[in-house]
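Student: My questions all concern the structure below.
The values are calculated or read from the model by the stated rules, or taken from the named source; none is laboratory data. If you're wondering where the values come from, they're calculated on a predicted model, not measured in any experiment. Please note: Cβ atoms are built from the backbone with ideal geometry, for glycine as well, and neighbour counts cover all protein chains shown.
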Ligand SMILES: [Zn+2]
C-alpha cells in the first residue's frame, strides 16, 4: 500500500472529522491502524485535533469543563444580553422620562438585590435589569419620602372639585 496523494487527502479529512486511527485504516483499506498513526505522525497531524472532537471518557458526575467547585452561572449568556440590548425599546412617555431617574445623593442598585427598608422605586432599566432607588424608605412605605410622594400623589383641588360634582350629580339622579 502506498500513500498516494488521494489517500493522504482522505486520511487528513477523516482525521479532521474525528474518525479514529482504526476507523481511518478501515476506510482506506489495506493499511493497519499503526500505519495510519505513523503517517499521521509524519504529517504532524497527531495532536492537531481539537479536544472537542477527540474521543473522550465520561469522568463521573462532575461536569467536564466546569472544574471543581464551579457554580452554574445564573447570568444570561452574553449573546442573550446582546440580543436584549439590541431589542427596540417601547416608546417611553414623557412622564416616565421625567420621573424614573435616580435622585441626587442616592445609590440605586439592581431591584433584585434590594434589601428590606430600601426604596423600591424603579429609576432605570426594565425587567430583571430593573434598578431601584434603594434610598431609606419612609415609615410604613416601600418607597423613600420623595418617591412615596410621586406614587401617592395627592389629588389636586381642581380634580377633587370635578369628582365632587360628578358624585353629587350621580346622587341626584339616583334620588330622582
Ligand atoms: Zn426612592
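Student: Which residue, of 103, 84, 37, 14, is under 30 Å from residue 130 (Cα atoms), modelled with pLDDT of 55 or more, in contact with a helix residue (DSSP H, G or I) (Cβ under 8 Å, 6 or more places away or on another chain) and part of a helix (DSSP H, G or I)? Walk me through it before giving the result.
Tutor: Values: 103 fails: part of a helix (DSSP H, G or I); 37 fails: under 30 Å from residue 130 (Cα atoms); 14 fails: under 30 Å from residue 130 (Cα atoms).
Step by step, each of 103, 84, 37, 14 is checked, and only 84 is under 30 Å from residue 130 (Cα atoms), modelled with pLDDT of 55 or more, in contact with a helix residue (DSSP H, G or I) (Cβ under 8 Å, 6 or more places away or on another chain) and part of a helix (DSSP H, G or I).
Student: Name the single residue that is nearest to the ligand (Cβ to nearest atom) among those in the range 116-140 being exposed (fewer than 15 other Cβ atoms within 10 Å of the Cβ) and either touching a residue at least 12 places away in the same chain (Cβ under 8 Å) or within 15 Å of residue 100 (Cα to Cα) (or both). Let's see the steps before the verdict.
Tutor: Just the residues of the range 116-140 that are exposed (fewer than 15 other Cβ atoms within 10 Å of the Cβ), to begin with: 116-117, 125-129, 136, 139-140.
If we keep only those that are either touching a residue at least 12 places away in the same chain (Cβ under 8 Å) or within 15 Å of residue 100 (Cα to Cα) (or both) as well, we get 117, 125-129, 136.
On the way: 117: 12, 125: 15, 126: 18, 127: 19, 128: 20, 129: 18, 136: 9 Å.
The extreme case among them is 136.
Student: Residues in the range 141-156: is at least one within 16 Å of the ligand (Cβ to nearest atom) and in a strand (DSSP E or B)? Steps first, answer last, please.
Tutor: Quick first cut of the range 141-156, residues within 16 Å of the ligand (Cβ to nearest atom) only: 141-153.
From what is left, the residues that are in a strand (DSSP E or B) are none.
Checked the range 141-156: no residue is within 16 Å of the ligand (Cβ to nearest atom) and in a strand (DSSP E or B).
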